[in-house]
Amino acid sequence: QVQLVESGGGLVQAGGSLRLSCAASGRTFSSFSMGWFRQAPGKEREFVAAIRWNGGTYYADSVKGRFTISRENAKNTVYLQLNSLKPEDTAVYYCAATSAIVLDRRNFYDYWGQGTQVTVSS
């Protein structure tokens, strides 16, 4: 079992930055690939970014060049740096863990956090 707790969300103006954190506990964190998803009101939960256990990273086209995912295995933590934020980035952001090879489909993730709200004002 893996428990995930996100933090770092908040209200920011367009063009601003935030750093989200996801702290993991339970089974060996370093063996999991980690992903970030987001869900805006009335929309499906969508893939944002992922990082493999070996450090390989992947991004949705909508955030490429603006967001950066990283992990610190010694602290059992994965981060998502959000830069150049836009109002359309407003959503609840979820951290998730998987042992699967596929990283951009939510159905392949086994463990989820409770989410953290990011609101970007124009």
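Key figures for this structure:
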| quantity | calculated |
| --- | --- |
| K64 being without any contact (Cβ under 8 Å) to a residue 40 or more places away in the chain, out of contact with any helix residue (DSSP H, G or I) (no Cβ under 8 Å at 6 or more places or on another chain) and among the charged types (D, E, K, R) | yes |
| Wholly within region 13-122, strands (runs of 3 or more DSSP E) carrying at least 2 residues that are closer than 21 Å to Q1 by Cβ and among the β-branched types (V, I, T) | 77-82 |
| Residues being in contact with a Phe, Trp or Tyr (Cβ under 7 Å, 6 or more places away or on another chain) and within 11 Å of W36 (Cβ to Cβ) - total across region 72-96 | 7 |
| Residue in region 83-92 that is charged (D, E, K, R) and open to solvent by less than 40 Å² (accessible area, probe 1.4 Å) present | yes |
| Total residues in region 25-51, condition at pLDDT 95 or above and surrounded by 16 or more Cβ atoms within 10 Å (Cβ to Cβ) | 12 |
| Every pair of residues 6+ apart whose Cβ atoms lie under 6 Å, when the first sits in region 5-29 and is at positive phi while the second is in a strand (DSSP E or B) and not hydrophobic (A, V, I, L, M, F, W, C) | G8/R19; G8/S21; G26/Q3 |
| Neighbours by Cβ (under 7 Å, 6+ apart or cross-chain): first from region 86-115, of a type in the set (S, T, N, Q); second part of a loop (DSSP other than H, G, I, E, B) and open to solvent by 90 Å² or more (accessible area, probe 1.4 Å) | T98/D110; S99/D110 |
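The values are calculated or read from the model by the stated rules, or taken from the named source; none is laboratory data. It should be emphasised that the depicted structure is a prediction, and the values quoted were computed from it without experimental measurement. Please note: Cβ atoms are built from the backbone with ideal geometry, for glycine as well, and neighbour counts cover all protein chains shown. Each accessible area value is taken on the protein alone, full model and side chains, heavy atoms only, with ligands, DNA and RNA left out. Shrake-Rupley method; radii C 1.70, N 1.55, O 1.52, S 1.80 Å.
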